[in-house]
Amino acid sequence: MTDRVILHCDLNNFYASAECVSHNEWKNVPLAVCGNPELRHGVVLAKNEIAKKFGVKTGDVIWQARQKAPGLVTVPPHFDLYMSYSKQMFKLYNDFTDMVEPFGADECWLDVTGSQKLFGDGTAIADMIRERVKKESGLTCSVGVSFNKVFAKLGSDLKKPDATTVIDRNNYKKLIWGLNADEMLMVGRRTYEHLKKLNIITIGDLAHADPAVLKSHFGINGLRMKAYACGEDTEPVREAVKNRDVKSIGHGMTATRDIETLDDARDLIYYLSEKVAARMRKAGYRGSLISVGMRDSKLFSIVRQRQMPFSTYSSTEIAEHALALFAENWNGDPMRTITVSVSKLDETDTPVQMSLFSDNVRNEKLEKLDLALDRISKKYGDVVCRASFIGKDFIYDKTDAEDFLPFQR
């Protein structure tokens, strides 16, 4: 069977590059796009190549970045600008294939298997795309060319900026098996720490790991990681119009000050649960599995889950279960970030088996109350809120969620 030809296009230093292209005076100075320091998002979200050479890294606090790069220009994010470039590039990619799958605003996978008769092989198409990106936008992009999505993304990461890297069946072991395993999709920081305890350091180690060991420690994801390392990723590139099924709906917030009391946690969890429940109702879902994520002031994170005996989109019921879950797992350390999400989603018109003898059924009155509040909000705006939210200095209007778009993948 003929291999697929998959490209991964990654716009280099996207947010910072867009700022520099739009402002000629910034093209030859170190520049960083930074979040809002007043809301504790005062970190580097993106940096240009000049700042990168000074050692500025994504996630640096602003004062650290300025120490590394004297004369560093810091600018707030301008997401209208970035999205205009993103749409322009998406349209460009569609000139080569209709199989384009976005992975954030600055990255896309393209399946060009069927485009080679028109444009040449994968390397030729990648080079054509890079030249057009540069000519039409002033930005640059790196492109990985491979026979699957995981290796194509690794390829775009190997050489930056403005480069094409081919990872094929003949060279992938040489090119990527020596890389640390956390360079690969699915292997996050905590997973990598766990892998290192098993003496699995590189992608090659992962490829040769005992599948029984991986499954015992990571479940089905352990087997999937091994398959990816061996080049056995068969996931298709999805057309943008073919959205993935919604598996969970969540909302998180980094509070403007640490959450140190259960009362403060209660207010924040109820606030987040209202956001989640409103999205569920708008999307037409109820859910039954509650997840609460907690990140403390030292950036240590845990996630805990609880199965409800029923599906609901009531903000009160979601909040009550989320709060109980938080209280059971909180060790008292100051919390920086809390996230509430709901999964095991069912469409609202899915039939539900009711019990005659159990109290474990959803409260339809609470759901009707939320629906009534939805109608009020739609007509008059957010004029109704819980009295406990008033005056809470750690809760802010989450319209600034854009600060974290680079990390929401």
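A few points about this structure:
- The number of residues in the range 137-172 that are over 23 Å from LYS53 (Cα atoms), in contact with a strand residue (DSSP E or B) (Cβ under 8 Å, 6 or more places away or on another chain) and of a type in the set (S, T, N, Q) comes to 2.
- Candidate set from the range 245-296 (those that are among the charged types (D, E, K, R) and in contact with a Leu (Cβ under 8 Å, 6 or more places away or on another chain)); member that is surrounded by the fewest Cβ atoms within 10 Å (Cβ to Cβ): LYS247
- SER84 falls short on exactly one of the conditions (1) of a type outside the set (D, E, K, R); (2) open to solvent by less than 60 Å² (accessible area, probe 1.4 Å); (3) under 30 Å from ARG238 (Cα atoms), and that condition is (2).
- Any hit, the range 59-67, residues being over 23 Å from LEU158 (Cα atoms) and in contact (Cβ under 8 Å) with a residue 24 or more places away in the chain: yes
- Residue in the range 270-279 that is polar (S, T, N, Q) and touching a Lys or Arg at 6+ places or on another chain (Cβ under 8 Å) present: no
- Single unsatisfied condition, LEU175 versus (1) in contact with a strand residue (DSSP E or B) (Cβ under 7 Å, 6 or more places away or on another chain); (2) within 22 Å of ALA227 (Cβ to Cβ); (3) in contact (Cβ under 8 Å) with a residue 40 or more places away in the chain: (3)
- Condition broken by VAL44, with the remaining ones in (1) open to solvent by less than 10 Å² (accessible area, probe 1.4 Å); (2) modelled with pLDDT of 90 or more satisfied: (2)
- Among the residues of the range 184-241, the one identified as among the polar types (S, T, N, Q) and under 17 Å from HIS8 (Cβ atoms) is THR234.
- For the range 173-207, a residue qualifies if it is in a helix (DSSP H, G or I), in contact with a helix residue (DSSP H, G or I) (Cβ under 6 Å, 6 or more places away or on another chain) and closer than 30 Å to GLU131 by Cβ, and exactly one does: ILE176.
- Members of the range 297-330 found to be within 20 Å of the chain's Cα centre (by Cα) and open to solvent by less than 60 Å² (accessible area, probe 1.4 Å), listed by number: SER301, ILE302
- Applying the criterion of being hydroxyl-bearing (Ser, Thr, Tyr) and in a strand (DSSP E or B) to the residues of the range 246-297, the residue that is modelled with the lowest pLDDT is THR256.
The values are calculated or read from the model by the stated rules, or taken from the named source; none is laboratory data. Predicted model only: the values in this text are computed from it and were never measured. Don't worry about glycine lacking a Cβ; one is built from the backbone with ideal geometry, like all the others, and counts go over all protein chains shown. These area figures cover heavy atoms from the full protein model, side chains too; ligands, DNA and RNA do not enter into them. Shrake-Rupley method; radii C 1.70, N 1.55, O 1.52, S 1.80 Å.
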